[in-house]
Amino acid sequence: MPVLLERCLELLAPGLTLPGAVHVDFTLGLGGHAEAVLERFPDVVLIGLDRDTEALAHARHRLIRFGDRTHLVHAVYDELPRVLGELGIPMIHSGLFDLGVSSLQLDEADRGFAYSQDAPLDMRMDQSRGATAEDVVNGYEPGELVRILRQYGEEKFAPRVVSAIVRERQKVRITSTARLAELVKDAIPAAARRTGGNPAKRTFQALRIEVNAELDALEGAVPAALDALAPKGRLVVMSYQSLEDRIVKRALAARSRSTGPIDLPVELPGTGPTLKLLTRGSELPSEAEVAENPRAASVKLRAVERIDEQDQTSGTGRERSRLSTRGKQGRLRPGANEGEG
Ligand SMILES: C[S@@+](CC[C@H](N)C(=O)[O-])C[C@H]1O[C@@H](n2cnc3c(N)ncnc32)[C@H](O)[C@@H]1O
């Protein structure tokens, strides 16, 4: 079931009802969100991107009845400018990122994403190219592995886990998720093992991010999406871990505040914010949503609208927007959620 479906549709609706609206689903997956958009907004054209060819095949089957209203493209989401160029579509009116792995990727044991199922150590979202988790675990320098586990997995015991990996790989190549999960579990002190869920979770997350260069792609993709967004167009991003959410938060905040001199009561041309934040900090799911859909448990949702410059140059629009203006220190004003929450 698609995460926060009704909330996403509510936030995107003003963009989806603009004349000639084009919606981009940057993470098409199994096409759940995309199907609801196409059903409820009969004039919308969808561009659906996914780097996973299996996901695309599922979505293509599911969305077949919408015919020429859909363009489904095998692409990494930061390739939007190329995709739009090839389709001859100059701008978009609505966009959705539902980050992370799909239920298909988690459920199909042979993809190697799940620490709870034994499988070859693959973890590539695009199985047609690139290094696998097995290549990373067996080939990277120990120092580099420690950095990845610390940075992408926030694993406190990264040096211990990496020592265990290195000891093992000197004897025999590590090729399965079960063996890796076992090595991680044994490397973590017993006291720490009793809290925080499966001890392999952080290592698996770190490897998945490294294998798919997930954060680099996101760093490029959010600005590319915002550049393509038409005036009054809307973008919603759902992240499932703090590293992703931090990248999203920064990219949105950078365009939602003035770059002009702090003390002027009006904006100088070209210095005003180009985005209006629609969520205060990030929105979390309700208890009811999590009960119904456990995948929603860790979601953080952020949404923005592209400001229409026509409004900015007329009347009250020239005054600085209270929600978007920097405080004296050039930070978001007090009350806006600067934390991860
Ligand atoms: C959580 S699922 C999306 C689920 C979808 N919203 C639905 O309703 O079925 C995330 C999808 O994004 C894809 N994905 C992750 N990173 C990507 C990237 N950098 N470029 C393109 N697709 C990506 C994954 O392959 C996966 O299919």
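The values are calculated or read from the model by the stated rules, or taken from the named source; none is laboratory data. None of the values given here were measured: they were computed from a predicted structure. No Cβ is skipped: glycine too gets one built from the backbone with ideal geometry, and neighbour counts run over all protein chains shown. The area values use the complete protein model at the heavy-atom level, side chains included, leaving out ligands, DNA and RNA. Shrake-Rupley method; radii C 1.70, N 1.55, O 1.52, S 1.80 Å.
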- prompt: Say we look at region 111-151 and pick out the residues that are of a type in the set (Asp, Glu) and away from the ligand (no atom under 15 Å from the Cβ); which of these is nearest to residue 223 (Cα to Cα)?
  reply: 144
field: Filter result for the condition that a residue is within 16 Å of the ligand (Cβ to nearest atom), in the same structural domain as residue 10 (by TED's automatic domain parsing) and more than 14 Å from the chain's Cα centre (by Cα), over 221, 228, 251, 206
entry: 228
message: Just to verify a result, which residue in region 191-226, among those that are β-branched (Val, Ile, Thr) and open to solvent by 10 Å² or more (accessible area, probe 1.4 Å), is modelled with the lowest pLDDT?
response: 195
- prompt: Quick check, is residue 38 away from the ligand (no atom under 11 Å from the Cβ), buried (at least 17 other Cβ atoms within 10 Å of the Cβ) and modelled with pLDDT of 95 or more?
  reply: yes
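Results for (1) in a helix (DSSP H, G or I); (2) crowded, with 22+ Cβ neighbours inside 10 Å; (3) in contact with a strand residue (DSSP E or B) (Cβ under 6 Å, 6 or more places away or on another chain), shown as yes or no for each residue.
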| site | (1), (2), (3) |
| --- | --- |
| 81 | yes, no, no |
| 84 | yes, no, no |
| 93 | no, yes, yes |
| 97 | no, yes, yes |
| 123 | no, yes, no |
| 136 | yes, no, no |
| 149 | yes, yes, no |
| 156 | no, no, no |
| 161 | yes, yes, no |
- prompt: Taking region 61-79, which residues are surrounded by fewer than 22 Cβ atoms within 10 Å (Cβ to Cβ) and closer than 15 Å to residue 225 by Cβ?
  reply: 73, 75, 76, 78, 79
- line: Inside region 110-121, the number of residues satisfying the requirement of being crowded, with 21+ Cβ neighbours inside 10 Å and touching an Asp or Glu at 6+ places or on another chain (Cβ under 9 Å) is 4
field: Residue check, residue 260 open to solvent by 30 Å² or more (accessible area, probe 1.4 Å), in the same structural domain as residue 10 (by TED's automatic domain parsing) and over 17 Å from the mean Cα position of the chain (by Cα)
entry: no
query: In region 268-284, what count of residues is obtained for those that are open to solvent by 30 Å² or more (accessible area, probe 1.4 Å) and either more than 22 Å from the chain's Cα centre (by Cα) or touching a residue at least 60 places away in the same chain (Cβ under 8 Å) (or both)?
result: 5
query: Out of region 10-35, which residues are open to solvent by less than 10 Å² (accessible area, probe 1.4 Å), within 13 Å of the ligand (Cβ to nearest atom) and among the aliphatic types (A, V, I, L, M)?
result: 12, 24, 28, 34
message: I need the full set of residues from region 229-254 which are open to solvent by 10 Å² or more (accessible area, probe 1.4 Å), within 21 Å of residue 84 (Cβ to Cβ) and touching a residue at least 40 places away in the same chain (Cβ under 8 Å), in order please.
response: 231, 232, 234
message: The conditions are (1) surrounded by fewer than 20 Cβ atoms within 10 Å (Cβ to Cβ); (2) free of Cβ contacts under 8 Å to residues at least 60 places away in the same chain; (3) not assigned by TED's automatic domain parsing to the domain that holds residue 301, and residue 88 fails exactly one of them. Which is it?
response: (3)
